[in-house]
1. Among all residue pairs at least 6 apart or on different chains, which show Cβ distances below 7 Å where the first residue, located in the range 12-24, is hydrophobic (A, V, I, L, M, F, W, C) and the second is loosely packed, with under 15 Cβ neighbours inside 10 Å?
2. Take the range 127-139 and flag every residue that is farther than 15 Å from Leu40 by Cβ and buried (at least 16 other Cβ atoms within 10 Å of the Cβ).
3. How do the pairs read when you match residues in the range 88-108 that are aliphatic (A, V, I, L, M) with residues anywhere that are surrounded by fewer than 16 Cβ atoms within 10 Å (Cβ to Cβ) and in a loop (DSSP other than H, G, I, E, B), using Cβ under 7 Å and keeping only pairs 6 or more apart or on different chains?
4. Among the numbered criteria (1) modelled with pLDDT of 90 or more; (2) under 21 Å from Lys134 (Cβ atoms); (3) more than 18 Å from the chain's Cα centre (by Cα), which one does Thr9 miss?
5. With surrounded by 12 or more Cβ atoms within 10 Å (Cβ to Cβ), more than 30 Å from Lys27 (Cα to Cα), at pLDDT below 95 and out of contact with any strand residue (DSSP E or B) (no Cβ under 9 Å at 6 or more places or on another chain) as the only criterion, which of Pro59, Pro55, Pro109 stands out?
6. Hey, Lys47 hits all of (1) within 24 Å of Leu132 (Cβ to Cβ); (2) buried (at least 16 other Cβ atoms within 10 Å of the Cβ) but one; which does it fall short on?
7. If Ser124 passes every condition in (1) surrounded by fewer than 16 Cβ atoms within 10 Å (Cβ to Cβ); (2) more than 18 Å from Leu141 (Cα to Cα) but one, which one does it miss?
Amino acid sequence: MPEFNVRETLEEVAKAKTRDQKREVLKKRENLATKMLLQLNYHPDAKWLLPPGAPPYEPAKQGDMTSNSFHYEVKKLDYYTDPSPHPLSELPMLRREAMFVGLLERLDPQDAEMMIAIKDKKLSYKGLTYKLVKDTWPDLLPDVEEEEKPVSQTPSKKEEVVTEG
């Protein structure tokens, strides 16, 4: 699989006009990093072993990063997620947080912001939804039951019947 830039892929999804075009962008630019990050953002069982919000970190300078660093770093995300092959007994929380700060400092500053949004499950691009990801890669996310909205017992203004009398 080619290593398309994840952020550029998501920006192309946002620019696509129709749901089919958005799905086509995801399929055409499919790679491990994109799928893994979308799974971490949308999967209901994905849990992060880090506190919410942005930790204090120094954004990378232009010479400190490489264009494919996200593809390399994504392979290490199991240090920060649950279940993890690196339990707290082996990797204390303070060390885990310091490692995450190091990861953010190696990434392009925009990718670091995206990584924080994914950690907090707040990734937001126009038209990028759980349903779109599930439709594109059915095995990536579980089926979720949509909550039924309670039916209102009182008629809306359009439904009210006006009687003269």
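1. What qualifies is Ala14/Lys126.
2. Keep residues of the range 127-139 that are farther than 15 Å from Leu40 by Cβ, which gives 127, 129, 131-132, 135-136, 138-139.
Across the range 127-139, the qualifying residues are Gly127, Leu132, Thr136.
3. That search, which allows pairs on different chains as well, returns Val101/Pro55.
4. Going through the list (1) modelled with pLDDT of 90 or more; (2) under 21 Å from Lys134 (Cβ atoms); (3) more than 18 Å from the chain's Cα centre (by Cα), Thr9 breaks only (3).
5. Details: Pro55 fails: at pLDDT below 95; Pro109 fails: more than 30 Å from Lys27 (Cα to Cα).
Exactly one residue qualifies, and that residue is Pro59.
6. The single condition Lys47 does not satisfy is (2).
7. Going through (1) surrounded by fewer than 16 Cβ atoms within 10 Å (Cβ to Cβ); (2) more than 18 Å from Leu141 (Cα to Cα) one by one, Ser124 breaks only (2).
The values are calculated or read from the model by the stated rules, or taken from the named source; none is laboratory data. Being a predicted model, the structure only gives us computed values, none of them experimental. Cβ atoms come from the backbone with ideal geometry, glycine included; neighbour counts cover every protein chain shown.
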